[in-house]
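> Mind having a look at this structure? Questions to follow.
The values are calculated or read from the model by the stated rules, or taken from the named source; none is laboratory data. The structure presented is a predicted model; accordingly, all values stated were derived computationally and were not measured. Heads up, the Cβs are rebuilt from the backbone with ideal geometry, glycines too, and the neighbour counts pull from every protein chain shown. Ligands, DNA and RNA are stripped out before the accessible areas are found, and what is left, the full protein with its side chains, is counted by its heavy atoms. Shrake-Rupley method; radii C 1.70, N 1.55, O 1.52, S 1.80 Å.
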Amino acid sequence: DTAVSQTPKYLVTQMGNDKSIKCEQNLGHDTMYWYKQDSKKFLKIMFSYNNKELIINETVPNRFSPKSPDKAHLNLHINSLELGDSAVYFCASSHIYEQYFGPGTRLTVT
Amino acid sequence: GQQVMQIPQYQHVQEGEDFTTYCNSSTTLSNIQWYKQRPGGHPVFLIQLVKSGEVKKQKRLTFQFGEAKKNSSLHITATQTTDVGTYFCASRFGGGSNYKLTFGKGTLLTVNP
(Lines give C-alpha, C1' and ligand atoms only; values in the text may rest on other atoms or scores of the structure.)
Protein backbone atom coordinates (compact mmCIF):
# COMPACT_ATOMS: atom_id res chain seq x y z
CA ASP A 1 0.00 0.00 0.00
CA THR A 2 1.47 3.36 -1.05
CA ALA A 3 1.38 5.82 1.84
CA VAL A 4 1.58 9.04 -0.20
CA SER A 5 0.80 8.83 -3.90
CA GLN A 6 1.01 11.43 -6.64
CA THR A 7 -0.22 11.54 -10.21
CA PRO A 8 1.10 11.94 -12.75
CA LYS A 9 4.70 10.84 -12.27
CA TYR A 10 5.83 12.75 -15.34
CA LEU A 11 4.29 15.79 -16.97
CA VAL A 12 5.61 17.38 -20.15
CA THR A 13 3.78 20.43 -21.37
CA GLN A 14 4.23 23.68 -23.25
CA MET A 15 4.57 27.16 -21.88
CA GLY A 16 1.27 28.87 -21.23
CA ASN A 17 -0.66 25.66 -20.52
CA ASP A 18 -2.51 24.90 -17.29
CA LYS A 19 -1.87 21.62 -15.47
CA SER A 20 -2.77 19.85 -12.24
CA ILE A 21 -0.96 17.41 -9.99
CA LYS A 22 -2.90 15.24 -7.55
CA CYS A 23 -1.80 13.87 -4.19
CA GLU A 24 -3.40 11.41 -1.82
CA GLN A 25 -2.25 10.01 1.52
CA ASN A 26 -3.72 7.01 3.32
CA LEU A 27 -1.85 7.55 6.58
CA GLY A 28 -4.60 9.49 8.31
CA HIS A 29 -2.33 12.51 8.70
CA ASP A 30 -3.78 15.95 9.29
CA THR A 31 -1.14 18.00 7.53
CA MET A 32 -0.08 17.92 3.89
CA TYR A 33 2.52 19.87 1.95
CA TRP A 34 3.76 20.74 -1.49
CA TYR A 35 7.50 21.08 -2.08
CA LYS A 36 9.43 22.11 -5.17
CA GLN A 37 12.83 20.54 -5.88
CA ASP A 38 14.85 22.36 -8.49
CA SER A 39 17.59 21.00 -10.74
CA LYS A 40 20.16 21.58 -7.99
CA LYS A 41 18.14 19.38 -5.65
CA PHE A 42 17.13 22.27 -3.41
CA LEU A 43 13.89 21.39 -1.60
CA LYS A 44 11.64 24.31 -0.82
CA ILE A 45 8.23 24.29 0.80
CA MET A 46 5.45 25.91 -1.19
CA PHE A 47 2.25 25.24 0.76
CA SER A 48 1.04 23.51 3.86
CA TYR A 49 -2.53 22.48 4.68
CA ASN A 50 -3.87 21.28 8.01
CA ASN A 51 -7.29 19.63 7.96
CA LYS A 52 -8.11 21.24 4.61
CA GLU A 53 -7.07 24.69 5.82
CA LEU A 54 -4.17 26.60 4.26
CA ILE A 55 -1.51 27.13 6.92
CA ILE A 56 1.63 28.07 5.06
CA ASN A 57 1.85 29.88 1.76
CA GLU A 58 5.43 30.70 0.90
CA THR A 59 6.21 33.38 -1.65
CA VAL A 60 4.84 31.37 -4.53
CA PRO A 61 3.41 33.03 -7.66
CA ASN A 62 -0.37 33.11 -7.58
CA ARG A 63 -0.35 31.01 -10.75
CA PHE A 64 0.01 28.14 -8.28
CA SER A 65 -3.22 27.28 -6.50
CA PRO A 66 -3.46 24.39 -4.06
CA LYS A 67 -6.75 22.81 -3.18
CA SER A 68 -7.59 20.33 -0.44
CA PRO A 69 -11.01 18.71 -0.92
CA ASP A 70 -10.50 16.62 2.22
CA LYS A 71 -7.64 15.96 4.58
CA ALA A 72 -6.43 12.96 2.58
CA HIS A 73 -6.05 14.91 -0.67
CA LEU A 74 -4.03 17.93 -1.71
CA ASN A 75 -3.94 18.96 -5.34
CA LEU A 76 -1.84 21.59 -7.06
CA HIS A 77 -3.06 23.52 -10.07
CA ILE A 78 -0.65 25.63 -12.08
CA ASN A 79 -1.82 28.24 -14.55
CA SER A 80 0.13 29.73 -17.45
CA LEU A 81 3.13 27.47 -17.04
CA GLU A 82 6.58 29.01 -17.46
CA LEU A 83 9.97 27.47 -18.23
CA GLY A 84 11.09 28.17 -14.66
CA ASP A 85 8.32 25.96 -13.32
CA SER A 86 10.23 22.90 -14.54
CA ALA A 87 11.13 20.93 -11.42
CA VAL A 88 10.14 17.92 -9.38
CA TYR A 89 7.13 18.58 -7.18
CA PHE A 90 6.77 16.51 -4.03
CA CYS A 91 3.70 16.11 -1.92
CA ALA A 92 4.23 15.16 1.72
CA SER A 93 2.17 14.52 4.82
CA SER A 94 2.88 14.48 8.53
CA HIS A 95 1.23 13.67 11.82
CA ILE A 96 3.64 15.03 14.39
CA TYR A 97 7.08 15.82 13.05
CA GLU A 98 8.19 13.13 10.60
CA GLN A 99 7.27 13.92 7.01
CA TYR A 100 6.36 11.26 4.48
CA PHE A 101 7.01 12.20 0.87
CA GLY A 102 5.26 11.03 -2.26
CA PRO A 103 7.24 9.73 -5.24
CA GLY A 104 7.29 13.14 -6.94
CA THR A 105 6.00 14.58 -10.20
CA ARG A 106 8.65 15.63 -12.70
CA LEU A 107 7.26 18.63 -14.57
CA THR A 108 8.99 19.71 -17.76
CA VAL A 109 7.85 22.88 -19.46
CA THR A 110 9.00 23.34 -23.05
CA GLY B 1 15.11 34.06 7.11
CA GLN B 2 15.73 30.79 8.85
CA GLN B 3 18.43 28.80 7.14
CA VAL B 4 20.39 25.66 7.65
CA MET B 5 23.70 25.44 5.80
CA GLN B 6 25.01 22.06 4.78
CA ILE B 7 28.49 20.99 3.67
CA PRO B 8 29.98 19.51 1.64
CA GLN B 9 27.79 19.77 -1.44
CA TYR B 10 29.32 16.61 -2.92
CA GLN B 11 31.39 13.76 -1.53
CA HIS B 12 32.83 10.85 -3.47
CA VAL B 13 34.28 7.95 -1.50
CA GLN B 14 35.63 4.47 -2.08
CA GLU B 15 33.45 1.73 -0.70
CA GLY B 16 34.52 1.04 2.86
CA GLU B 17 35.58 4.62 3.59
CA ASP B 18 33.76 6.77 6.11
CA PHE B 19 31.58 9.76 5.22
CA THR B 20 30.41 12.78 7.17
CA THR B 21 28.05 15.61 6.29
CA TYR B 22 27.61 18.71 8.43
CA CYS B 23 24.72 21.05 9.03
CA ASN B 24 25.06 24.51 10.60
CA SER B 25 22.80 27.33 11.64
CA SER B 26 23.52 30.85 12.88
CA THR B 27 20.61 30.52 15.31
CA THR B 28 19.78 27.92 17.93
CA LEU B 29 17.68 25.13 16.53
CA SER B 30 14.92 23.42 18.50
CA ASN B 31 15.39 20.24 16.46
CA ILE B 32 17.19 18.75 13.49
CA GLN B 33 15.97 16.09 11.11
CA TRP B 34 17.86 14.05 8.56
CA TYR B 35 16.48 12.67 5.31
CA LYS B 36 17.96 10.49 2.58
CA GLN B 37 16.98 10.76 -1.07
CA ARG B 38 18.14 8.01 -3.41
CA PRO B 39 18.80 8.99 -7.06
CA GLY B 40 15.43 9.36 -8.77
CA GLY B 41 13.63 8.82 -5.48
CA HIS B 42 11.96 10.87 -2.81
CA PRO B 43 13.25 12.07 0.57
CA VAL B 44 12.89 9.48 3.32
CA PHE B 45 12.97 10.43 6.99
CA LEU B 46 15.92 8.99 8.91
CA ILE B 47 15.85 10.59 12.36
CA GLN B 48 15.06 13.61 14.50
CA LEU B 49 17.32 15.01 17.24
CA VAL B 50 16.05 17.50 19.82
CA LYS B 51 18.40 17.47 22.82
CA SER B 52 21.66 19.35 23.20
CA GLY B 53 24.60 16.99 22.61
CA GLU B 54 22.30 14.15 21.55
CA VAL B 55 23.88 11.22 19.70
CA LYS B 56 21.83 8.52 18.01
CA LYS B 57 22.93 5.51 16.02
CA GLN B 58 21.24 3.49 13.31
CA LYS B 59 23.54 0.62 12.35
CA ARG B 60 26.45 2.30 10.51
CA LEU B 61 24.90 5.79 10.74
CA THR B 62 25.67 8.10 13.67
CA PHE B 63 23.74 11.34 14.13
CA GLN B 64 24.88 14.11 16.43
CA PHE B 65 23.32 17.36 17.63
CA GLY B 66 25.77 19.97 18.90
CA GLU B 67 25.90 21.17 22.48
CA ALA B 68 24.83 24.66 21.43
CA LYS B 69 22.13 23.19 19.13
CA LYS B 70 23.52 25.14 16.20
CA ASN B 71 25.07 22.26 14.31
CA SER B 72 24.56 18.62 13.52
CA SER B 73 26.38 15.87 11.70
CA LEU B 74 25.67 12.55 10.05
CA HIS B 75 28.51 10.08 9.93
CA ILE B 76 28.45 6.84 7.97
CA THR B 77 31.04 4.21 8.86
CA ALA B 78 32.38 1.93 6.14
CA THR B 79 30.18 3.15 3.30
CA GLN B 80 28.44 0.72 0.98
CA THR B 81 27.04 1.27 -2.50
CA THR B 82 23.56 1.25 -0.98
CA ASP B 83 24.45 4.48 0.85
CA VAL B 84 24.50 6.42 -2.42
CA GLY B 85 22.11 9.36 -2.41
CA THR B 86 21.60 12.91 -1.22
CA TYR B 87 21.48 13.47 2.52
CA PHE B 88 19.49 16.45 3.74
CA CYS B 89 19.34 18.03 7.13
CA ALA B 90 16.21 20.00 7.97
CA SER B 91 14.85 21.91 10.90
CA ARG B 92 11.32 22.70 11.97
CA PHE B 93 10.51 26.34 12.55
CA GLY B 94 7.22 27.45 14.04
CA GLY B 95 4.84 25.63 16.34
CA GLY B 96 1.86 23.30 16.27
CA SER B 97 0.53 22.66 12.80
CA ASN B 98 2.04 25.95 11.60
CA TYR B 99 5.54 24.60 11.49
CA LYS B 100 7.68 24.74 8.40
CA LEU B 101 10.51 22.35 7.59
CA THR B 102 13.52 24.20 6.18
CA PHE B 103 15.99 22.00 4.34
CA GLY B 104 19.70 22.34 3.86
CA LYS B 105 20.92 22.06 0.28
CA GLY B 106 21.97 18.47 0.75
CA THR B 107 25.16 16.46 0.34
CA LEU B 108 25.33 14.11 -2.62
CA LEU B 109 27.25 10.98 -1.70
CA THR B 110 28.62 8.74 -4.41
CA VAL B 111 30.40 5.49 -3.60
CA ASN B 112 32.92 3.81 -5.85
CA PRO B 113 32.66 0.00 -5.51
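> Got a number for the accessible area of A:Ile45? Probe 1.4 Å, square angstrom, nearest 10.
We get 10 Å² for A:Ile45.
> What FRET efficiency do you get for B:Thr110 and A:Asp70 if R0 is 41 Å and r is their Cβ-Cβ distance, rounded to the nearest 0.05?
The formula returns an efficiency of 0.50 here.
> Given chain A, report the % of alpha carbon pairs whose separation exceeds 21 Å.
28
> Across the stretch B:13-106, how many lysine pairs, 8 or more apart or on two chains, come within less than 24 Å at their alpha-carbon atoms?
Taking the Cα cut-off of 24 Å, the pair count is 25.
> Can you give the accessible area of A:Thr7 in Å² (nearest 10), computed on protein heavy atoms with a 1.4 Å probe?
80
> Sorted from largest down, give the three principal axis spans of the alpha carbons of chain B, whole angstrom values.
Cα extents, longest axis first: 43, 29, 22 Å.
> Related question: Using a 1.4 Å probe, how large is the accessible area of B:Lys100, given in Å² and rounded to the nearest 10?
That residue has around 40 Å² of solvent-accessible surface.
> For labels at A:Lys40 and B:Gln9 in the simple 7 Å Cα→Cβ model, what's the distance in nm?
Going by the 7 Å Cα→Cβ label model, 0.6 nm.
> I would also like to ask the following. Step by step: find N for the protein assembly as shown, compute 2.2 N^0.38 Å, then divide the Cα radius of gyration by it. What's the final number?
Against the empirical 2.2 N^0.38 Å value, I get 1.03 for the protein assembly as shown.
> How do B:Tyr99, B:Tyr10 stack up against each other in accessible area, from largest to smallest, with a 1.4 angstrom probe?
Largest to smallest exposure gives the sequence B:Tyr10, B:Tyr99.
> Moving on. Counting only pairs 8 or more residues apart or on different chains, how many lysine pairs in the stretch A:4-109 have their Cα atoms under 22 Å apart?
Close lysine pairs under the 22 Å cut-off: 28.
> For A:Val12 and A:His77 in the same chain, what is the full-extension length gain: residue separation times 0.36 nm, less their Cα-Cα distance, in nm?
21.9 nm
> Order B:Ser30, B:Ser25, most accessible first, counting only protein heavy atoms with a 1.4 angstrom probe.
Output order, biggest surface exposure first: B:Ser30, B:Ser25.
> Also, I was wondering about something else. Would you please give the FRET efficiency between B:Ser26 and B:Lys51, computed as 1/(1 + (r/R0)^6) with r the Cβ-Cβ distance and R0 = 22 Å, to the nearest 0.05?
0.60
> For the stretch A:50-110, what class follows from the C-alpha gyration tensor (a ≥ b ≥ c being the square roots of its eigenvalues): rounded when a/c is under 1.5, otherwise prolate if a/b is larger than b/c, else oblate?
Prolate, because a/c is 1.5 or more and a/b exceeds b/c.
> Right, another one. Mind listing which chymotrypsin sites (Phe, Trp or Tyr not before Pro) in the stretch A:40-110 are in a DSSP loop and have 13 or fewer other Cβ atoms within 10 Å?
Hits after loop and neighbour filter: A:Tyr97.
> Of B:Arg38, B:Arg60, A:Arg63, which has the most accessible area and how do the rest follow, probe 1.4 Å?
From most exposed to least exposed: B:Arg38, B:Arg60, A:Arg63.
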